[in-house]
Every structure is written in structure tokens, then in C-alpha cells.
Amino acid sequence: MSVKILHIDSNHPILWKQLEEAGFENYADFTSSKEEIEAKIQDYNGIVIRSRFKIDKTFLDKAVNLQFIARVGAGLESIDCDYALDKDIELIAAPEGNCNAVAEHTLGMILSLFNKLNIADYEIRSGQWNRESNRGHELDGKTVGIIGYGNMGKAFAKKLRGFDVEVLCYDIQDNVGDENARQVSLKELHEKTDVLSLHIPWTPETDKMVDEAFIYEFKKPIWIINTSRGKNIVTADLVATMKLGKVLGAGLDVLEYEKLSFETLFQDKNTPEAFQYLLDGRKVILTPHIAGWTFESHERLAQVIVDKIKSLYKVK
């Protein structure tokens, strides 16, 4: 039986090409609405997505012949995973495909914050030559705390090997520490961390996890880097703690205000006060959910998905 795959988002061309060469039937629809896709999804055995819309119970009930959902990305939060698994639909993601990109971006954000590169660059372009106010900090000697020690956290810890830093990790799974990071309790992480980096999915357990109370558990003032999901941090609480000096700076590749598709920023006509503070803040670096979005990861993500689909069907 032929396997018909519907692609609803564009991806690196090797994904389509290699699946076709392996004998799969590819079909593309990058523009139809969710309802229009639902009307024909029964014709397909697999679907390849990024984050255009949510794969919910309504969608899955109509996908009577669906055997797998492949998301070209790290997380599966746009899918009702429990319901899909109840229907024996295989779920495929590619967190290993962009973990190096995320790790490099995270490190870049830390070094930029510590050395005030964004501020100094702006001031020079504005005709200002301010050396003392742009005196920076060195990463060496600091303690980096990583929450979430899966593919992303491990890749980031590996990048830190060139620095004289202590690297701690906290994860809900046991025995995930390695030669690059020592797994500790959340209590010890709070006691020792100078730089906090989040590498966790967005789940009911992590939603709004980093709030004011959580931040005040840290013994020292900290820098916060978030390349995971925007809703893992309560923005208003982050801003409140920044104003009081508990948070020294923040590098945010993801924002609480993003749409689920990650393609646009959900923003009403009235900008939230906390978000305006981030936009105006000199201790903040903001990027548009691009930590894992490099030219190299674009291809690597596609390759991982191809390999996993072929493995599912035992195709060489």
C-alpha cells in the first residue's frame, strides 16, 4: 500500500525529495484553512507540519487513516498528543535537528548581555563614545543553571566547555547529568546560579513556571535566557524583578505574546506595559524565535524527519 503524505508547511526541499525517492507519495497544501484540510485529511496516511495550526481532537477525528504526524521542529505542543496516541498515530519531532543552533544562540545572547554589545553598538551609531558605562562582565567564574536537560540543554552545556564556569542542570528525569553538567536539586540550582537558561517544553507543568515567586527563590541576582517557549515566563513578573535588580538582564528569543504558529507576534493595539518595558529596556535582548532557525538547522531538521519517517516504515 502506498503511503500518502500531506505537507501543510514548506520545509527544506530535501524532505520532499528524499521521501519521494523512498517511494512515498507527497502532496502539498500550504494555504488552505484548518477546516479545508480537515475536509480531506482522511485521504492521507501521514502529515508533515511546523506550527500553522493546532492538531486538535476535531482534526484527529477526521483523520481516520492517519498513521503519523511529523513536526519539523523540537516540540509537539501544537498537537493533542494524548488523543493522537489513543488513536495509534505515531508522533515524530526533531529536537536533535536544531539543538546546536539553539545552543549557539543561547551562548551568543549571554555574551552580548554581559558585554553590552547591543547597547554599545546602538550608542556608537548614535555618535556616542561611552566606555565606562559599557564596562562588561566575564562569564568565567560564574555558575550557569540549566532547567531542562534534554537535547537543547545538553547541547548548550557542551558549548560552555570552553569557559571556566560551573554548569548545573535540573530536570524532572533522573540521571540525565553528564560530563558537561552536574544534575542538582531545584533548591541547589536556586542557591548557586548566576545565569539561568531555560530549555524546557511548554506543558501544563512549565506554563508560567518562571514567575515572581520562582525568581525570588534564587539567592543571587541572575541573568535569564529563554530560548524555549515564551509562556514559560510570566513577562510582568520578569519585568517587576528586573526593576528591583533581582534580574540583571534577559535574553528572550521567545515571548509570552507569540501566536501558537510562532510566525507572528500577537499584539493588540495597546501594547502591554510589561512588553513595552522589554522593548525599551537596555538590559534586554530580543530575537523573533530564531534560536533554532539557522540555514544549517533548516536542512538538519528536514533530514531528521525524513530518517524517522523512513525508519517508521522500515524503508532504507
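The values are calculated or read from the model by the stated rules, or taken from the named source; none is laboratory data. These numbers were taken from a predicted model, which means no experiment stands behind them. Neighbour counts run over all protein chains shown; Cβ positions are idealised from the backbone, glycine included. For the accessible areas, the whole protein counts, side chains as well, though only heavy atoms, and no ligand, DNA or RNA atoms are used. Shrake-Rupley method; radii C 1.70, N 1.55, O 1.52, S 1.80 Å.
Considering only C-alpha atoms, what is the centroid distance from the range 19-45 to the range 103-127, in Å?
The range 19-45 and the range 103-127 have Cα centres separated by 43 Å.
Working from Cα positions, state the angle (0 to 90°, nearest 10) between the long axis of helix 99-114 and the longest principal axis of the chain.
Its long axis makes an angle of about 20 degrees.
Starting from the exponent 0.38 and prefactor 2.2 Å, build the expected Rg for the range 83-151 from its residue count and divide its actual Cα Rg by it.
Working: Rg = 19.9 Å, N = 69, 2.2 N^0.38 = 11.0 Å.
So the Cα radius of gyration is 1.81 times the expected 2.2 N^0.38 Å.
Quick one, can you get me the convex hull of the C-alpha atoms of the range 1-71 expressed as volume per residue in Å³? Can you show the working numbers first?
Numbers: hull volume 5.5 nm³, N = 71.
So the per-residue hull volume is 77 Å³.
Along each of its three principal axes, how wide is the spread of alpha-carbon positions in the range 190-314, in whole angstrom units, largest first?
On the principal axes, the range 190-314 reaches 56, 40, 27 Å in Cα extent.
Considering only C-alpha atoms, what is the centroid distance from the range 188-216 to the range 79-96, in Å?
With the range 188-216 and the range 79-96 each reduced to a Cα centre, they are spaced 26 Å.
Seen from all sides and averaged, what is the projected area of the convex hull of the Cα atoms in the range 23-104, in nm²? It would help to have the intermediate numbers written out before the result.
Numbers: hull surface 24.2 nm².
Result: 6.1 nm².
Just the ratio, please: alpha-carbon radius of gyration of the range 113-164 over 2.2 N^0.38 Å, N its number of residues. Before the final figure, lay out each step's value.
On the way: Rg = 15.4 Å, N = 52, 2.2 N^0.38 = 9.9 Å.
The value comes to 1.56.
List the GluC sites (Glu not before Pro) within the range 136-197 that DSSP assigns to loop and that have no more than 16 neighbouring Cβ atoms inside 10 Å.
Values: sites: Glu138, Glu166, Glu179, Glu188, Glu191; in loops: Glu138, Glu179.
Passing both the DSSP loop test and the Cβ count: Glu138, Glu179.
Check the straight Cα-Cα distances from Lys158 and name the aspartates and glutamates below 17 Å, setting aside those fewer than 8 residues away within the same chain.
In chain and number order, the partners are Glu96, Glu104, Asp140, Glu166, Asp171, Asp178, Glu179.
Taking 2.2 N^0.38 Å as the expected size of a compact globular protein, what ratio does the Cα radius of gyration of the range 118-218 give against it, to two decimals? Provide the component values of the computation, followed by the final result.
Numbers: Rg = 16.6 Å, N = 101, 2.2 N^0.38 = 12.7 Å.
Compactness ratio reported: 1.31.
Can you compute the equivalent ellipsoid semi-axes for the range 1-145, i.e. the square root of 5 times each eigenvalue of the Cα gyration tensor, sorted largest first and rounded to whole Å?
Values: eigenvalues 404, 55, 47 Å².
Here the semi-axes work out to 45, 17, 15 Å.
With 18 Å as the limit, write out which pairs from Lys54/Lys259; Lys116/Lys259; Lys142/Lys208; Lys154/Lys259 have Cα-Cα distances beyond it, or answer none. Spell out each step's value before the answer.
Working: Lys54/Lys259 11 Å; Lys116/Lys259 29 Å; Lys142/Lys208 26 Å; Lys154/Lys259 27 Å.
Checking Cα-Cα distances, Lys116/Lys259; Lys142/Lys208; Lys154/Lys259 exceed 18 Å.
State in Å² the accessible area per residue of the range 1-113; use a 1.4 Å probe, count heavy atoms of protein chains only, and round to the nearest integer.
Value for the range 1-113: 42 Å² per residue.
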